[in-house]
Every structure is written in C-alpha cells, then in structure tokens.
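> Take this structure, written in structure tokens, and hold onto it; I'll ask about it next.
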Amino acid sequence: MTSTDIADDPSAEKSSVPGRGGLVATLGLAAVAVTASALAGIGYQLSGGGTQPHDVLPADTIAYARIDLDPSAGQKVAAFRLVKKFPELAKSLGIEDPDQDLRRLIVDQAASGCGLDFADDIKPWIGERAGVAVVGTAPDVVFALQVDDETAARKTLKQLADCGDADNAGLAFSHGYAIVAETQAIADETVADADRSALADDSTFSRDMDDLGNQGVASFWVDGNAVANLASVRKELPQPLLSALPDSSTAAAALRAGSSSVELDVVSRGLPFATTEDTQIETLPASTVAAVALQGSEDQIRSQWTQFIDDMEADGVDSDQVGRFVDALGMKLPDDLVALLSPGLTLAVGERNIGTVAQIEDVSDIDAYDIGARVADPDAKDAADRLARLLRNLAGVSFDATTADGATLIANHPDALQTSGTRLSESQRYTDVILPDATNALLFADLGTVIDALLQEDPPPDVVADLEQARPLGTVGISTKRDGDITRAQVKLTFRG
C-alpha cells in the first residue's frame with residue numbers, strides 16, 4: 001500500500017476551472033457510469049476473477065455501489081442496439097459505434113476543462129471496475145478505482161485535484177485500486193481498515209450478495225439500520241419508520257440489462273419496503289394500461305392519521321374545526337382508511353379512450369375513461385360506498401361501489417374493473433415485467449399502448465416528435481415476493497423493436 005496527498009505535486013499546472021467540480025465529477029465516476037450504463041442498457045455479468053472494490057473497502061462500510069466500466073464486445077453491441085432505439089439519447093450521449101469505450105464517454109464529460117486526453121492520460125492506467133462507499137459513523141465517502149499503472153494514475157489524479165482546486169484530497173493505493181477520499185488521513189485509514197477487515201469479509205454483506213446472485217453491470221448494498229442511525233438521517237426520518245426497522249435490516253441490488261429490457265433487482269431483510277398481502281393487480285382486466293397498489297398496516301394508518309390531526313392542530317386548526325372537516329367529508333375516519341387500505345387497494349386505468357387523455361379539460365371528463373379502485377376485501381363495501389359518494393359530490397363523476405370477484409370495486413363504469421374475460425395476469429405485457437410467482441404486483445404501466453393511442457389522435461407536431469422519441473418504450477412493472485426471510489423486489493422496463 002502506498003499513499004500520497006493527491007495535490008502535493010508542485011509541477012502540476014493550476015487550471016482556471018473554479019471550485020472542486022472537476023475532481024468531484026471524476027471521483028464520482030461510479031455514479032455517473034451507473035446512469036450511463038442504465039441508459040445504454042449494457043447487459044453485463046460480473047466476472048468471477050480479480051479484485052473487486054469491496055475487497056479494498058473496509059468492513060464498517062454502511063452503503064456501497066459498484067460499477068463495471070468496460071463490458072465485453074458482445075455486450076457493447078447489445079447496448080448499442082438498445083440505445084440506438086432512441087436517436088436523440090444516443091446523440092446526447094455521444095454513442096455512435098458499438099466499439100466505443102464507455103470509460104471514454106464518462107471521462108470526457110467528467111474531466112471536461114482539465115486539459116486531459118483520455119487516450120494519452122487515462123486509458124493507459126484506468127481499470128475496469130470502480131466503487132464508492134459510505135464508511136464509518138462520521139460518515140466518510142470514499143472512492144475505489146481500479147488501476148493498471150499506479151505511477152500514471154497518481155500523476156493524472158494529481159492533475160485532476162489541481163483542476164478541481166481540491167488541495168486537501170487524499171490518495172492511497174491498495175491491491176490494484178486507487179483509494180480517493182476527502183483527506184489523506186481518511187484515505188490512509190480506509191486502506192488500513194480494509195487490510196484488517198474488508199467489506200468482502202463481512203458475513204452479512206457476503207450473504208446478501210450471494211442471495212442477490214448475478215450482480216449485473218452495477219450492484220449496490222446498504223445497511224439500513226446503520227444509515228438510519230446516523231444523526232443527520234435519524235432526525236429526518238418519521239418515527240413510525242424508525243420504529244418499524246428491526247435490529248438488522250439490509251438490502252442489496254443489481255442493475256441488469258440487455259438489448260430489450262433494463263431491470264433493477266433487490267433483495268432485502270428487515271427493510272419495510274414491501275407489503276406482504278396480495279394487492280390483486282393481476283386480477284384486473286387485460287385491457288388495463290396502468291395500475292398502482294397502495295397498502296398499509298392498520299397500526300401505520302392510524303398512527304399517520306393521528307400525526308395528520310396533530311399537525312393540523314399545531315398549525316392553529318382547533319379540534320372542533322378538524323371534527324367539522326371530517327364530518328363534512330361524510331366518511332368515518334380513520335376507520336374507512338383502514339378498511340380500504342389495509343387489505344390492499346389498487347388504482348387502475350383501462351384502455352378505453354386513453355388516446356384522448358390529453359384533451360381532458362374538466363375533472364368530470366374522466367367519465368369517458370375506465371377508472372377505478374379495487375379493494376382486496378368484499379367486506380369493505382360500506383367504506384367504499386362512502387368514498388364513492390364523496391367522489392361524486394366533489395368531482396361530479398359517476399363512481400359507484402360494488403362487490404365482485406371476491407373484492408370491493410369502486411369505478412365509474414360497472415364493467416371497468418370486472419374480469420369476466422381475460423385477466424391482466426394472462427397478458428405477456430404483464431408477465432414480461434412482473435416477477436414469476438410474485439406475492440405483490442405494486443405497479444404496472446403499458447407505456448407502448450398509451451403512446452400508440454396518443455399518436456392516433458393527431459396531436460400537435462411538437463407532441464408527435466416527443467411521442468416518436470418515446471415509442472420504443474414497452475411496459476414497466478414493480479413487483480415483490482417473499483422467499484423465506486428475504487423479500488425480493490424487481491423494477492423492470494421493456495423496450496419494443
């Protein structure tokens with residue numbers, strides 16, 4: 001291991017670029033690369049050999065992200081084909097050839113104004129992997145960048161430090177990686193701590209990454225409890241969320257992509273980000289173009305209602321005024337919220353007339369569309385009746401509540417949510433973006449169908465141009481499922497040919 005103050009080279013010429021932007025942008029290589037790779041759709045699997053960023057970062061890391069910077073030729077071709085579906089995006093990213101080096105695209109933007117040439121100053125030493133970690137309880141942010149030539153890397157990073165006017169930044173080297181931190185003391189301490197016990201040696205981290213499987217083009221890990229207990233974070237989080245965290249809560253995620261889809265896969269233990277009851281999106285009609293599921297436990301709903309009332313009174317609204325407001329709504333609160341949300345409530349929009357949605361001028365115009373909510377409990381009818389009456393009075397829309405298919409339906413048309421025919425779960429549009437055997441589908445949207453319908457309505461030329469750019473979009477879905485003590489979640493977006 002070697003170390004040096006990153007800005008201690010007097011021979012480096014100072015740039016006129018103000019502030020620390022040049023250095024920070026380049027040290028944020030991993031974050032920039034994650035975004036660029038996601039847009040480019042690079043389908044890359046983590047290679048089995050070689051030192052990874054988590055091998056040179058310490059075990060007291062509480063949040064971590066890793067990116068592969070140089071995918072194989074075959075994967076670059078897949079990426080090129082995907083990004084070329086969006087000509088304006090390809091142009092803005094500067095992607096013109098499947099053989100382009102992703103690292104060059106990133107560095108050219110990150111080191112702009114620093115007088116560096118990628119081919120001469122960076123390519124000879126930059127490796128294929130990078131990572132960023134939040135370390136310790138302070139906490140400190142540390143970057144790990146794989147390097148093939150330590151001497152050349154030190155020279156270039158010093159130039160970047162001067163360019164960014166980052167006089168106190170620190171640099172150390174360990175096992176083929178440059179470790180960059182805000183100060184030299186932090187960089188040296190990071191290397192020493194990792195040599196004693198690396199993140200890769202942490203049993204919780206290793207377990208989570210094993211559960212995650214293929215780590216894709218980028219992967220992430222977070223210790224939820226450690227982050228939540230940071231003083232700066234704890235004061236911002238609502239008490240119900242803090243109380244819901246168990247003694248151990250972690251999550252790992254991987255960005256995986258190919259020539260026709262991009263997905264973010266997550267595994268977690270203890271983090272309360274997924275519901276456990278079936279919200280029944282899959283039971284909606286196959287003509288559904290958008291649906292989102294809402295759910296909360298009875299304790300959460302009642303706690304949040306109490307907090308809402310307390311906040312109103314703190315703002316000077318007395319309890320009598322609050323009572324009159326609730327009475328005017330004609331609902332029994334919070335009991336009706338519990339009845340509607342705790343079993344799982346799904347909001348849905350059907351395909352009927354969806355191409356004319358941009359022509360809505362008044363809220364009553366939504367009667368032209370299939371819109372409704374499905375509550376996964378047939379005994380919620382009384383609460384649903386009160387909600388439907390409130391919607392009719394407020395919006396002048398003909399909402400009614402019924403029971404069917406073992407659920408309570410609130411809709412503006414009798415057949416809007418009923419599944420006498422094909423269900424959404426039988427559609428490939430749905431199965432393409434929802435986990436097999438999902439416990440919960442939390443969101444589904446058929447972007448392609450909506451875009452096509454909008455184009456058929458002869459929109460203005462500028463709108464046509466925007467819709468044509470978006471035309472390759474297919475469907476998007478968010479779903480979760482239980483796997484023993486693990487919750488698996490997936491966000492997936494497909495693209496059309």
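The values are calculated or read from the model by the stated rules, or taken from the named source; none is laboratory data. Since the structure is predicted, the reported quantities are computational estimates derived from the model, not experimental observations. Virtual Cβ from ideal backbone geometry, glycine too; neighbours counted across all protein chains shown.
> With the checklist (1) of a type in the set (A, V, I, L, M); (2) modelled with pLDDT of 85 or more; (3) over 30 Å from ASP458 (Cα atoms) in hand, flag the one item ILE354 doesn't pass.
(3)
> Hey, can you tell me all the residues within the range 91-105 that are at pLDDT below 70 and not in a loop (DSSP other than H, G, I, E, B)?
LEU93, LEU102
> Just checking, which of THR275, THR279, THR283 is at pLDDT below 75, buried (at least 20 other Cβ atoms within 10 Å of the Cβ) and on the phi < 0 side of the Ramachandran plot?
THR279
> Go through the residues of the range 448-471 one by one and say whether even a single one is basic (Lys, Arg), assigned to a helix (DSSP H, G or I) and not assigned by TED's automatic domain parsing to the domain that holds SER261.
No: the range 448-471 contains no residue that is basic (Lys, Arg), assigned to a helix (DSSP H, G or I) and not assigned by TED's automatic domain parsing to the domain that holds SER261.
> Just to be sure before I move on: is ALA445 modelled with pLDDT of 90 or more, within 25 Å of THR356 (Cβ to Cβ) and either assigned by TED's automatic domain parsing to the domain that holds ALA388 or hydrophobic (A, V, I, L, M, F, W, C) (or both) in the structure I sent?
Yes, satisfied.
> Let me ask something else. Have a look at SER174, SER197 and point out the one that is surrounded by fewer than 22 Cβ atoms within 10 Å (Cβ to Cβ), more than 23 Å from VAL266 (Cα to Cα) and of a type in the set (Gly, Ala, Ser).
SER197
> Follow-up. Looking at (1) crowded, with 16+ Cβ neighbours inside 10 Å; (2) in contact with a helix residue (DSSP H, G or I) (Cβ under 6 Å, 6 or more places away or on another chain), which is the one condition that is false for GLN469?
(1)
> Go through the residues of the range 179-193 one by one and say whether even a single one is closer than 25 Å to ASP120 by Cβ, in contact with an Asp or Glu (Cβ under 9 Å, 6 or more places away or on another chain) and assigned by TED's automatic domain parsing to the domain that holds VAL107.
yes
> Could you check the range 177-194 and list, in sequence order, the residues that are of a type in the set (A, V, I, L, M) and surrounded by fewer than 18 Cβ atoms within 10 Å (Cβ to Cβ)?
Within the range 177-194, ALA185, ALA192 qualify.
> While we're on this one: Could you tell me whether GLY497 is farther than 23 Å from ALA358 by Cβ and assigned to a loop (DSSP other than H, G, I, E, B)?
Against the criterion (farther than 23 Å from ALA358 by Cβ and assigned to a loop (DSSP other than H, G, I, E, B)), GLY497 qualifies.
> Return yes or no: is LEU116 assigned to a loop (DSSP other than H, G, I, E, B), more than 25 Å from VAL191 (Cα to Cα) and either at pLDDT 75 or above or touching a strand residue (DSSP E or B) at 6+ places or on another chain (Cβ under 9 Å) (or both)?
Yes: the conditions hold for LEU116.
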